[in-house]
Amino acid sequence: MDALLYIDGQWKPGREHWWFNVENPATGRVMGRAVDATAPDVADALEAASRVAADWAQVPPAKRAELLDNMADALMANVDELAHLLTEEEGKPIKEARSEIAYGARFFRYYAGEVQRIEGDTFPDPEATRATFTRKIPIGVSVLITPWNYPLAMICRKMAPALAAGCPVIVKPAEQTPLIAAALFRVFDRLGVPPGVMNLVTGDPTRIGPLLLSDIRVRKISFTGSTAVGKQILRAAAEHVASVSLELGGNAPFIVFDDSDLEQVIPAILACKFRNAGQICVAANRIYVQRRHMTAVADALAEALSHLTVGDGLSAATDMGPLIDAAAVDKVSQHVQDAVTNGATIVMGGHPLEMPGYFYAPTVLTNASESMRLAQEETFGPVAPLLAFETESEVYERANQTPYGLAAYVFTRDLGRAMRAVRALHFGMVGVNDPVPSLAEVPIGGVKESGIGREGGHEGIHEFLETQYVSVRW
Ligand code: NAD
(Lines give C-alpha, C1' and ligand atoms only; values in the text may rest on other atoms or scores of the structure.)
Protein backbone atom coordinates (compact mmCIF):
# COMPACT_ATOMS: atom_id res chain seq x y z
CA MET A 1 0.00 0.00 0.00
CA ASP A 2 1.29 3.46 -0.94
CA ALA A 3 0.27 6.58 0.97
CA LEU A 4 0.48 9.83 -0.98
CA LEU A 5 0.56 13.39 0.28
CA TYR A 6 -2.75 15.26 0.27
CA ILE A 7 -2.21 18.90 -0.65
CA ASP A 8 -4.70 21.45 -1.94
CA GLY A 9 -7.36 18.80 -2.52
CA GLN A 10 -5.08 16.51 -4.53
CA TRP A 11 -3.14 13.31 -3.90
CA LYS A 12 0.52 13.83 -4.73
CA PRO A 13 3.59 11.57 -4.88
CA GLY A 14 5.84 14.41 -3.71
CA ARG A 15 7.99 16.61 -5.93
CA GLU A 16 11.06 14.39 -5.41
CA HIS A 17 9.25 11.03 -5.37
CA TRP A 18 11.01 9.98 -2.15
CA TRP A 19 9.45 7.21 -0.08
CA PHE A 20 9.89 5.51 3.28
CA ASN A 21 8.75 2.06 4.40
CA VAL A 22 6.17 1.24 7.03
CA GLU A 23 6.37 -1.97 9.07
CA ASN A 24 3.69 -4.14 10.60
CA PRO A 25 4.93 -4.45 14.22
CA ALA A 26 3.25 -7.84 14.66
CA THR A 27 5.39 -9.39 11.92
CA GLY A 28 8.30 -6.98 11.45
CA ARG A 29 7.55 -7.04 7.71
CA VAL A 30 7.15 -4.02 5.44
CA MET A 31 3.42 -3.47 4.80
CA GLY A 32 3.54 -0.32 2.72
CA ARG A 33 5.29 2.93 2.07
CA ALA A 34 4.56 6.63 2.34
CA VAL A 35 5.86 9.73 0.61
CA ASP A 36 8.86 11.33 2.28
CA ALA A 37 7.93 14.97 1.74
CA THR A 38 10.57 17.54 0.86
CA ALA A 39 10.76 21.32 1.14
CA PRO A 40 8.71 22.09 -2.03
CA ASP A 41 5.90 19.80 -0.81
CA VAL A 42 5.78 21.56 2.54
CA ALA A 43 5.80 24.91 0.73
CA ASP A 44 2.83 23.75 -1.39
CA ALA A 45 0.89 22.73 1.72
CA LEU A 46 1.61 26.03 3.47
CA GLU A 47 0.61 27.96 0.36
CA ALA A 48 -2.66 26.04 -0.03
CA ALA A 49 -3.67 26.38 3.61
CA SER A 50 -2.80 30.09 3.73
CA ARG A 51 -4.68 30.82 0.51
CA VAL A 52 -7.96 29.40 1.79
CA ALA A 53 -7.73 30.61 5.41
CA ALA A 54 -9.86 33.72 4.94
CA ASP A 55 -12.57 31.92 2.94
CA TRP A 56 -12.76 28.99 5.33
CA ALA A 57 -13.13 31.40 8.26
CA GLN A 58 -16.23 32.87 6.54
CA VAL A 59 -18.06 29.57 6.01
CA PRO A 60 -21.20 29.76 8.17
CA PRO A 61 -21.08 27.65 11.35
CA ALA A 62 -24.09 25.57 10.28
CA LYS A 63 -22.27 24.54 7.12
CA ARG A 64 -19.13 23.62 8.98
CA ALA A 65 -21.29 21.65 11.41
CA GLU A 66 -22.84 19.70 8.55
CA LEU A 67 -19.39 18.79 7.23
CA LEU A 68 -18.20 17.68 10.70
CA ASP A 69 -21.29 15.53 11.13
CA ASN A 70 -20.62 13.96 7.74
CA MET A 71 -17.04 13.27 8.82
CA ALA A 72 -18.27 11.45 11.93
CA ASP A 73 -20.71 9.41 9.82
CA ALA A 74 -18.02 8.57 7.26
CA LEU A 75 -15.62 7.38 9.94
CA MET A 76 -18.21 5.03 11.38
CA ALA A 77 -19.31 3.83 7.94
CA ASN A 78 -15.70 2.78 7.27
CA VAL A 79 -14.89 1.43 10.71
CA ASP A 80 -14.08 -2.13 9.56
CA GLU A 81 -11.62 -1.13 6.87
CA LEU A 82 -9.99 1.55 9.04
CA ALA A 83 -9.71 -0.74 12.08
CA HIS A 84 -8.01 -3.43 10.02
CA LEU A 85 -5.38 -1.00 8.73
CA LEU A 86 -4.93 0.61 12.15
CA THR A 87 -4.20 -2.77 13.73
CA GLU A 88 -1.84 -3.79 10.96
CA GLU A 89 0.13 -0.58 11.20
CA GLU A 90 0.10 0.16 14.95
CA GLY A 91 -0.41 -3.31 16.41
CA LYS A 92 -3.29 -2.81 18.85
CA PRO A 93 -5.97 -5.55 18.99
CA ILE A 94 -8.73 -5.09 16.45
CA LYS A 95 -11.36 -4.48 19.17
CA GLU A 96 -9.23 -1.60 20.51
CA ALA A 97 -8.78 -0.27 16.97
CA ARG A 98 -12.56 -0.15 16.54
CA SER A 99 -12.96 1.78 19.80
CA GLU A 100 -10.25 4.20 18.73
CA ILE A 101 -12.19 4.99 15.56
CA ALA A 102 -15.44 5.46 17.48
CA TYR A 103 -13.58 7.73 19.93
CA GLY A 104 -12.16 9.74 16.99
CA ALA A 105 -15.63 10.07 15.42
CA ARG A 106 -17.02 11.47 18.70
CA PHE A 107 -14.83 14.57 18.30
CA PHE A 108 -16.36 15.39 14.92
CA ARG A 109 -19.84 14.82 16.33
CA TYR A 110 -19.18 16.90 19.42
CA TYR A 111 -17.60 19.84 17.57
CA ALA A 112 -20.41 19.79 15.00
CA GLY A 113 -22.49 20.99 17.94
CA GLU A 114 -19.89 23.20 19.55
CA VAL A 115 -19.21 25.16 16.32
CA GLN A 116 -22.72 26.57 16.61
CA ARG A 117 -22.03 27.89 20.12
CA ILE A 118 -18.92 30.01 19.49
CA GLU A 119 -19.98 33.08 21.39
CA GLY A 120 -18.45 36.41 22.30
CA ASP A 121 -19.48 38.76 25.11
CA THR A 122 -20.96 42.23 25.37
CA PHE A 123 -19.80 44.75 27.97
CA PRO A 124 -21.41 47.75 29.67
CA ASP A 125 -19.88 51.09 28.67
CA PRO A 126 -19.20 53.56 31.53
CA GLU A 127 -20.16 56.53 29.31
CA ALA A 128 -23.00 54.81 27.48
CA THR A 129 -21.72 56.10 24.15
CA ARG A 130 -20.11 52.96 22.85
CA ALA A 131 -21.10 49.43 22.01
CA THR A 132 -18.40 47.08 23.23
CA PHE A 133 -18.24 43.42 22.45
CA THR A 134 -15.87 40.58 21.67
CA ARG A 135 -15.82 38.22 18.71
CA LYS A 136 -14.16 34.84 18.54
CA ILE A 137 -12.08 34.56 15.40
CA PRO A 138 -10.16 31.59 13.96
CA ILE A 139 -6.48 31.67 14.86
CA GLY A 140 -5.43 30.75 11.30
CA VAL A 141 -3.34 28.09 9.62
CA SER A 142 -2.84 25.26 12.10
CA VAL A 143 -0.16 22.57 12.03
CA LEU A 144 -1.25 19.38 13.76
CA ILE A 145 1.60 17.02 14.73
CA THR A 146 0.52 13.65 16.06
CA PRO A 147 2.03 10.48 17.61
CA TRP A 148 1.81 6.84 16.52
CA ASN A 149 0.15 5.31 19.59
CA TYR A 150 -3.41 6.54 18.83
CA PRO A 151 -2.65 7.55 15.26
CA LEU A 152 -6.24 8.08 14.11
CA ALA A 153 -7.84 9.45 17.27
CA MET A 154 -5.05 11.96 17.92
CA ILE A 155 -5.60 13.47 14.47
CA CYS A 156 -9.38 13.62 15.02
CA ARG A 157 -9.00 15.21 18.47
CA LYS A 158 -7.16 18.14 16.86
CA MET A 159 -8.69 18.30 13.40
CA ALA A 160 -12.35 18.44 14.52
CA PRO A 161 -12.00 21.54 16.74
CA ALA A 162 -9.59 23.22 14.29
CA LEU A 163 -11.99 22.86 11.34
CA ALA A 164 -14.92 23.80 13.57
CA ALA A 165 -13.14 26.98 14.62
CA GLY A 166 -12.53 27.90 10.96
CA CYS A 167 -8.83 27.04 10.69
CA PRO A 168 -7.27 25.22 7.70
CA VAL A 169 -4.96 22.41 8.84
CA ILE A 170 -1.73 20.73 7.84
CA VAL A 171 -1.50 17.32 9.49
CA LYS A 172 1.93 15.76 10.11
CA PRO A 173 1.44 12.22 11.45
CA ALA A 174 4.16 10.07 13.04
CA GLU A 175 6.50 8.29 10.63
CA GLN A 176 5.51 4.91 12.11
CA THR A 177 1.84 5.40 11.16
CA PRO A 178 1.36 7.44 7.98
CA LEU A 179 -0.92 4.87 6.29
CA ILE A 180 -3.86 5.24 8.68
CA ALA A 181 -3.55 9.03 8.39
CA ALA A 182 -3.79 8.76 4.59
CA ALA A 183 -6.75 6.37 4.94
CA LEU A 184 -8.53 8.91 7.15
CA PHE A 185 -7.96 11.60 4.51
CA ARG A 186 -9.28 9.24 1.80
CA VAL A 187 -12.50 8.85 3.80
CA PHE A 188 -12.82 12.63 4.24
CA ASP A 189 -11.80 13.38 0.64
CA ARG A 190 -15.21 12.16 -0.57
CA LEU A 191 -17.10 14.71 1.55
CA GLY A 192 -16.47 17.92 -0.36
CA VAL A 193 -13.96 19.61 1.95
CA PRO A 194 -12.77 22.68 0.00
CA PRO A 195 -9.23 22.23 -1.46
CA GLY A 196 -6.54 23.57 0.88
CA VAL A 197 -8.62 23.27 4.05
CA MET A 198 -7.08 19.93 5.05
CA ASN A 199 -3.59 18.89 4.01
CA LEU A 200 -1.46 15.88 4.88
CA VAL A 201 2.34 15.75 4.78
CA THR A 202 4.30 12.68 5.81
CA GLY A 203 7.99 11.99 6.18
CA ASP A 204 11.10 12.81 8.15
CA PRO A 205 10.15 15.10 11.07
CA THR A 206 13.61 16.62 11.26
CA ARG A 207 13.17 17.88 7.68
CA ILE A 208 9.46 18.72 7.69
CA GLY A 209 9.19 19.97 11.29
CA PRO A 210 11.50 22.98 11.02
CA LEU A 211 9.96 23.99 7.65
CA LEU A 212 6.48 24.05 9.14
CA LEU A 213 7.49 25.62 12.44
CA SER A 214 9.58 28.43 10.94
CA ASP A 215 6.84 29.78 8.65
CA ILE A 216 5.19 32.95 9.91
CA ARG A 217 1.88 31.98 8.23
CA VAL A 218 1.50 29.14 10.74
CA ARG A 219 -0.37 30.65 13.67
CA LYS A 220 -1.04 27.49 15.67
CA ILE A 221 0.97 24.39 16.39
CA SER A 222 -0.97 21.68 18.12
CA PHE A 223 1.37 18.87 19.11
CA THR A 224 0.90 15.52 20.81
CA GLY A 225 4.01 13.50 21.55
CA SER A 226 6.99 13.30 23.83
CA THR A 227 7.97 16.05 26.25
CA ALA A 228 11.44 16.26 24.66
CA VAL A 229 10.04 17.11 21.21
CA GLY A 230 7.35 19.30 22.80
CA LYS A 231 10.07 21.50 24.27
CA GLN A 232 11.73 21.88 20.84
CA ILE A 233 8.38 22.92 19.39
CA LEU A 234 7.80 25.48 22.11
CA ARG A 235 11.21 27.02 21.37
CA ALA A 236 10.58 27.05 17.61
CA ALA A 237 7.14 28.64 18.07
CA ALA A 238 8.71 31.52 19.96
CA GLU A 239 10.40 32.74 16.76
CA HIS A 240 7.09 33.94 15.27
CA VAL A 241 5.08 33.97 18.49
CA ALA A 242 2.85 31.17 17.21
CA SER A 243 0.32 29.75 19.64
CA VAL A 244 1.03 26.22 20.89
CA SER A 245 -0.98 23.46 22.48
CA LEU A 246 1.10 20.59 23.80
CA GLU A 247 -0.18 17.18 24.89
CA LEU A 248 2.99 15.54 26.18
CA GLY A 249 4.21 12.55 28.11
CA GLY A 250 3.08 11.35 31.51
CA ASN A 251 4.24 9.30 34.47
CA ALA A 252 0.89 8.41 36.00
CA PRO A 253 0.63 7.20 39.57
CA PHE A 254 -2.08 4.59 40.14
CA ILE A 255 -2.85 4.41 43.87
CA VAL A 256 -4.48 1.33 45.33
CA PHE A 257 -5.66 1.78 48.94
CA ASP A 258 -6.21 -1.31 51.07
CA ASP A 259 -9.95 -0.66 51.31
CA SER A 260 -10.34 -0.91 47.52
CA ASP A 261 -12.21 -3.71 45.81
CA LEU A 262 -9.79 -6.05 44.01
CA GLU A 263 -12.53 -7.10 41.62
CA GLN A 264 -12.54 -3.51 40.43
CA VAL A 265 -8.80 -2.83 40.76
CA ILE A 266 -7.43 -5.73 38.69
CA PRO A 267 -9.52 -5.09 35.53
CA ALA A 268 -8.66 -1.41 35.99
CA ILE A 269 -4.92 -2.17 35.95
CA LEU A 270 -5.43 -4.30 32.83
CA ALA A 271 -7.19 -1.38 31.14
CA CYS A 272 -4.78 1.29 32.34
CA LYS A 273 -1.50 -0.59 31.88
CA PHE A 274 -1.98 -3.35 29.29
CA ARG A 275 -4.34 -1.71 26.79
CA ASN A 276 -2.37 -0.93 23.61
CA ALA A 277 0.45 -2.96 25.26
CA GLY A 278 0.95 -0.11 27.73
CA GLN A 279 1.70 2.45 25.00
CA ILE A 280 -0.64 5.09 26.37
CA CYS A 281 0.28 8.59 27.53
CA VAL A 282 -2.10 8.21 30.49
CA ALA A 283 -0.95 4.64 31.28
CA ALA A 284 -0.40 3.75 34.92
CA ASN A 285 3.39 4.01 35.19
CA ARG A 286 3.84 3.70 38.96
CA ILE A 287 1.36 1.45 40.73
CA TYR A 288 1.38 2.34 44.44
CA VAL A 289 -0.19 -0.39 46.57
CA GLN A 290 -0.85 0.00 50.30
CA ARG A 291 1.43 -2.55 51.95
CA ARG A 292 -1.32 -4.70 53.55
CA HIS A 293 -2.84 -5.20 50.08
CA MET A 294 0.45 -5.91 48.22
CA THR A 295 0.51 -9.71 48.09
CA ALA A 296 -3.16 -9.92 47.18
CA VAL A 297 -2.79 -7.37 44.35
CA ALA A 298 0.42 -8.94 42.94
CA ASP A 299 -1.07 -12.45 42.97
CA ALA A 300 -4.43 -11.42 41.50
CA LEU A 301 -2.77 -9.33 38.80
CA ALA A 302 -0.42 -12.15 37.77
CA GLU A 303 -3.40 -14.53 37.72
CA ALA A 304 -5.42 -12.22 35.47
CA LEU A 305 -2.47 -11.63 33.14
CA SER A 306 -1.87 -15.34 32.74
CA HIS A 307 -5.17 -15.44 30.81
CA LEU A 308 -4.18 -12.64 28.42
CA THR A 309 -3.76 -13.76 24.80
CA VAL A 310 -0.78 -12.00 23.26
CA GLY A 311 -0.38 -12.02 19.49
CA ASP A 312 -1.22 -10.38 16.18
CA GLY A 313 -4.00 -7.88 16.83
CA LEU A 314 -5.82 -9.00 13.69
CA SER A 315 -6.87 -12.21 15.46
CA ALA A 316 -10.17 -11.69 17.29
CA ALA A 317 -8.81 -13.65 20.26
CA THR A 318 -5.88 -11.26 20.87
CA ASP A 319 -5.97 -9.16 24.04
CA MET A 320 -2.54 -7.58 23.68
CA GLY A 321 -0.50 -6.88 20.56
CA PRO A 322 3.15 -5.96 19.92
CA LEU A 323 5.11 -2.85 20.78
CA ILE A 324 5.60 -0.40 17.94
CA ASP A 325 9.20 -1.26 17.01
CA ALA A 326 12.50 -2.79 18.09
CA ALA A 327 13.56 0.40 19.88
CA ALA A 328 10.44 0.19 22.06
CA VAL A 329 11.27 -3.41 23.04
CA ASP A 330 14.82 -2.31 23.89
CA LYS A 331 13.60 0.52 26.10
CA VAL A 332 11.20 -1.74 28.01
CA SER A 333 13.93 -4.39 28.43
CA GLN A 334 16.34 -1.78 29.78
CA HIS A 335 13.76 -0.48 32.26
CA VAL A 336 13.12 -4.00 33.58
CA GLN A 337 16.84 -4.85 33.80
CA ASP A 338 17.54 -1.61 35.64
CA ALA A 339 14.68 -2.35 38.07
CA VAL A 340 15.96 -5.86 38.77
CA THR A 341 19.51 -4.60 39.29
CA ASN A 342 18.10 -2.12 41.81
CA GLY A 343 16.16 -4.72 43.79
CA ALA A 344 12.83 -5.36 42.02
CA THR A 345 11.43 -8.89 41.92
CA ILE A 346 9.90 -10.31 38.73
CA VAL A 347 6.55 -11.92 39.55
CA MET A 348 5.88 -12.75 35.92
CA GLY A 349 7.22 -11.91 32.46
CA GLY A 350 10.30 -9.70 32.34
CA HIS A 351 11.50 -10.56 28.81
CA PRO A 352 10.73 -10.05 25.12
CA LEU A 353 8.74 -12.87 23.49
CA GLU A 354 10.53 -15.20 21.08
CA MET A 355 8.32 -14.66 18.04
CA PRO A 356 8.37 -12.52 14.90
CA GLY A 357 7.51 -8.88 15.47
CA TYR A 358 8.07 -6.76 18.57
CA PHE A 359 6.40 -8.49 21.48
CA TYR A 360 7.19 -8.14 25.17
CA ALA A 361 5.69 -10.42 27.83
CA PRO A 362 3.11 -8.94 30.22
CA THR A 363 5.21 -8.23 33.29
CA VAL A 364 4.60 -7.67 37.00
CA LEU A 365 7.36 -6.44 39.31
CA THR A 366 7.24 -6.07 43.09
CA ASN A 367 9.67 -4.18 45.36
CA ALA A 368 9.79 -1.38 42.81
CA SER A 369 10.92 2.05 43.98
CA GLU A 370 11.42 5.61 42.80
CA SER A 371 15.17 5.04 42.37
CA MET A 372 14.43 2.92 39.28
CA ARG A 373 14.22 4.29 35.73
CA LEU A 374 10.72 2.86 35.27
CA ALA A 375 9.45 5.12 38.04
CA GLN A 376 11.12 8.21 36.58
CA GLU A 377 10.42 7.82 32.83
CA GLU A 378 7.49 6.58 30.78
CA THR A 379 8.06 2.86 30.20
CA PHE A 380 5.46 2.74 27.40
CA GLY A 381 5.18 -1.02 27.62
CA PRO A 382 3.31 -3.86 29.36
CA VAL A 383 5.18 -3.63 32.66
CA ALA A 384 3.37 -3.12 35.97
CA PRO A 385 5.80 -2.04 38.70
CA LEU A 386 4.24 -2.28 42.16
CA LEU A 387 5.56 0.19 44.77
CA ALA A 388 4.56 -0.32 48.41
CA PHE A 389 3.34 2.57 50.59
CA GLU A 390 2.06 2.93 54.16
CA THR A 391 0.10 6.17 54.62
CA GLU A 392 -2.12 8.50 52.67
CA SER A 393 0.03 11.62 53.00
CA GLU A 394 3.17 9.66 52.09
CA VAL A 395 1.67 8.34 48.85
CA TYR A 396 0.41 11.72 47.67
CA GLU A 397 3.84 13.22 48.22
CA ARG A 398 5.56 10.40 46.35
CA ALA A 399 2.97 10.47 43.54
CA ASN A 400 3.56 14.19 42.97
CA GLN A 401 7.34 13.86 42.83
CA THR A 402 7.65 13.94 39.06
CA PRO A 403 8.05 16.73 36.52
CA TYR A 404 5.03 15.25 34.72
CA GLY A 405 1.39 15.91 35.53
CA LEU A 406 -0.90 14.24 33.01
CA ALA A 407 -3.09 11.63 34.75
CA ALA A 408 -3.39 10.03 38.18
CA TYR A 409 -5.69 7.30 39.48
CA VAL A 410 -6.99 6.45 42.95
CA PHE A 411 -8.79 3.31 44.00
CA THR A 412 -10.64 3.41 47.31
CA ARG A 413 -14.14 2.91 48.70
CA ASP A 414 -13.74 5.80 51.13
CA LEU A 415 -15.30 8.94 49.64
CA GLY A 416 -13.45 11.29 51.99
CA ARG A 417 -10.12 9.75 51.05
CA ALA A 418 -11.01 9.95 47.35
CA MET A 419 -11.73 13.66 47.63
CA ARG A 420 -8.56 14.29 49.65
CA ALA A 421 -6.64 12.52 46.87
CA VAL A 422 -8.26 14.67 44.18
CA ARG A 423 -7.16 17.78 46.08
CA ALA A 424 -3.64 16.51 46.79
CA LEU A 425 -2.71 15.14 43.35
CA HIS A 426 -1.19 17.70 40.99
CA PHE A 427 -2.30 16.19 37.67
CA GLY A 428 -4.48 17.37 34.79
CA MET A 429 -6.76 14.35 35.10
CA VAL A 430 -7.68 12.25 38.12
CA GLY A 431 -9.64 9.01 37.78
CA VAL A 432 -11.31 7.89 41.01
CA ASN A 433 -12.06 4.19 40.61
CA ASP A 434 -11.97 4.96 36.88
CA PRO A 435 -9.01 3.76 34.79
CA VAL A 436 -10.15 5.40 31.54
CA PRO A 437 -11.39 8.97 32.08
CA SER A 438 -11.57 10.10 28.46
CA LEU A 439 -14.59 11.67 26.81
CA ALA A 440 -14.77 13.97 23.79
CA GLU A 441 -17.04 16.23 25.84
CA VAL A 442 -14.46 16.90 28.58
CA PRO A 443 -11.20 18.87 28.28
CA ILE A 444 -8.13 16.71 28.80
CA GLY A 445 -4.52 17.73 29.18
CA GLY A 446 -1.58 17.92 31.49
CA VAL A 447 0.04 20.26 34.00
CA LYS A 448 3.78 20.80 34.54
CA GLU A 449 5.89 19.14 31.80
CA SER A 450 2.90 17.18 30.51
CA GLY A 451 1.65 20.06 28.45
CA ILE A 452 -0.08 23.33 27.76
CA GLY A 453 -3.73 23.69 26.76
CA ARG A 454 -6.62 21.26 26.58
CA GLU A 455 -8.20 18.99 23.97
CA GLY A 456 -11.84 18.02 23.92
CA GLY A 457 -14.84 19.72 25.42
CA HIS A 458 -15.75 23.37 25.27
CA GLU A 459 -12.13 24.39 25.95
CA GLY A 460 -10.77 22.37 23.02
CA ILE A 461 -12.16 24.70 20.36
CA HIS A 462 -10.78 27.78 22.12
CA GLU A 463 -7.26 26.51 21.42
CA PHE A 464 -8.03 27.45 17.78
CA LEU A 465 -9.79 30.75 18.43
CA GLU A 466 -8.68 34.24 19.36
CA THR A 467 -10.65 37.04 20.98
CA GLN A 468 -11.18 40.27 19.09
CA TYR A 469 -12.24 43.35 21.11
CA VAL A 470 -14.62 45.59 19.16
CA SER A 471 -15.52 49.08 20.29
CA VAL A 472 -18.14 51.07 18.31
CA ARG A 473 -18.73 54.75 19.06
CA TRP A 474 -21.59 56.81 17.85
P1 NAD B 1 7.49 11.85 19.45
O2 NAD B 1 7.62 13.10 20.25
O3 NAD B 1 8.71 11.12 19.10
O4 NAD B 1 6.76 12.18 18.08
C5 NAD B 1 5.51 12.82 18.03
C6 NAD B 1 5.37 13.52 16.69
O7 NAD B 1 6.34 14.55 16.60
C8 NAD B 1 5.59 12.62 15.48
O9 NAD B 1 4.71 13.00 14.47
C10 NAD B 1 7.02 12.94 15.09
O11 NAD B 1 7.27 12.70 13.73
C12 NAD B 1 7.05 14.42 15.38
N13 NAD B 1 8.38 15.00 15.55
C14 NAD B 1 9.50 14.43 16.03
N15 NAD B 1 10.52 15.30 16.01
C16 NAD B 1 10.03 16.46 15.51
C17 NAD B 1 10.59 17.74 15.24
N18 NAD B 1 11.87 18.01 15.48
N19 NAD B 1 9.78 18.70 14.74
C20 NAD B 1 8.49 18.45 14.50
N21 NAD B 1 7.91 17.26 14.71
C22 NAD B 1 8.67 16.27 15.23
O23 NAD B 1 6.44 10.94 20.24
P24 NAD B 1 5.90 9.48 19.84
O25 NAD B 1 6.96 8.49 20.19
O26 NAD B 1 5.34 9.48 18.47
O27 NAD B 1 4.65 9.33 20.82
C28 NAD B 1 4.76 8.89 22.12
C29 NAD B 1 4.72 10.07 23.09
O30 NAD B 1 3.51 10.80 22.90
C31 NAD B 1 4.71 9.62 24.52
O32 NAD B 1 5.55 10.46 25.28
C33 NAD B 1 3.25 9.83 24.94
O34 NAD B 1 3.07 10.03 26.32
C35 NAD B 1 2.88 11.04 24.16
N36 NAD B 1 1.42 11.13 24.00
C37 NAD B 1 0.76 12.09 24.71
C38 NAD B 1 -0.64 12.16 24.63
C39 NAD B 1 -1.41 13.19 25.42
O40 NAD B 1 -2.61 13.31 25.22
N41 NAD B 1 -0.77 13.93 26.31
C42 NAD B 1 -1.34 11.28 23.79
C43 NAD B 1 -0.62 10.31 23.08
C44 NAD B 1 0.77 10.26 23.19
Degrees separating the helix 39-58 axis from the principal Cα axis of the chain, which is the longest one: 70
Fraction in percent of alpha-carbon pairs per bin - 20 Å, the chain: 24, 54, 21, 2
With the charge dipole of the chain built from beta-carbon charges (+1 for Lys and Arg, -1 for Asp and Glu) about the Cα centre, the Cα from Q468, S393, H240 projecting farthest to the positive end belongs to Q468
Dipole of the chain [Lys/Arg +1, Asp/Glu -1 at C-beta], most positive-end residue of Q337, T27, H84: H84
Would you please give the FRET efficiency between A128 and E466, computed as 1/(1 + (r/R0)^6) with r the Cβ-Cβ distance and R0 = 41 Å, to the nearest 0.05? 0.90
Accessible surface, per residue, of the chain when the full set of protein chains is kept, probe 1.4 Å, Å²: 39
Report the extension gain between Q334 and Q58 in nm, rounded to one decimal, defined as 0.36 nm multiplied by the number of residues separating them, less their alpha carbon distance. 94.1 nm
Most positive-pole-ward Cα, M71, L301, N251, against dipole of the chain from beta carbon charges: M71
Among the listed pairs K172/K448; K92/K273; K172/K220; K231/K448; K158/K273, which have their C-alpha atoms separated by more than 20 angstrom in this model? K172/K448; K158/K273
Could you state the angle between the C-alpha long axis of helix 153-165 and the longest principal axis of the C-alpha atoms of the chain, as a value from 0 to 90 degrees rounded to the nearest 10? 30
Over segment 379-474: Rg over Rh, Cα atoms, Kirkwood Rh: 1.14
Spin-label pair S371/I216, simplified geometry with 7 Å Cα→Cβ offset, distance in nm: 5.5
For the chain, longest principal axis from Cα atoms; helix 294-305 axis from its Cα atoms; angle between them, nearest 10 degrees, is 70
At 20 °C and a viscosity of 1.002 mPa s, what translational diffusion coefficient does Stokes-Einstein give for segment 285-359, taking Rh as the Kirkwood radius over Cα pairs? Give it in µm²/s as a whole number. 150
Which of the aspartates and glutamates could a cross-linker bridge to K12, judged by Cα under 12 Å and excluding same-chain residues fewer than eight apart? D2, D36, D41, D44
Please give the charge dipole size of segment 264-336, origin at the Cα centre, charges +1 on K and R Cβ atoms and -1 on D and E Cβ atoms. Round to the nearest 20 debye. 420
In deg cm²/dmol, rounded to the nearest 500, the helical mean residue ellipticity at 222 nm of the chain, built from -39500 (n - 2.57) for every DSSP H run of length 4 or more, is -12000 deg cm²/dmol
Accessible surface of the chain [probe 1.4 Å, protein heavy atoms]: carbon and sulfur percent: 54
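The values are calculated or read from the model by the stated rules, or taken from the named source; none is laboratory data. These numbers come from a predicted model, not from an experiment. No Cβ is skipped: glycine too gets one built from the backbone with ideal geometry, and neighbour counts run over all protein chains shown. Please note that ligands, DNA and RNA were not included when accessible areas were found on the heavy atoms of the full protein model with its side chains. Shrake-Rupley method; radii C 1.70, N 1.55, O 1.52, S 1.80 Å.
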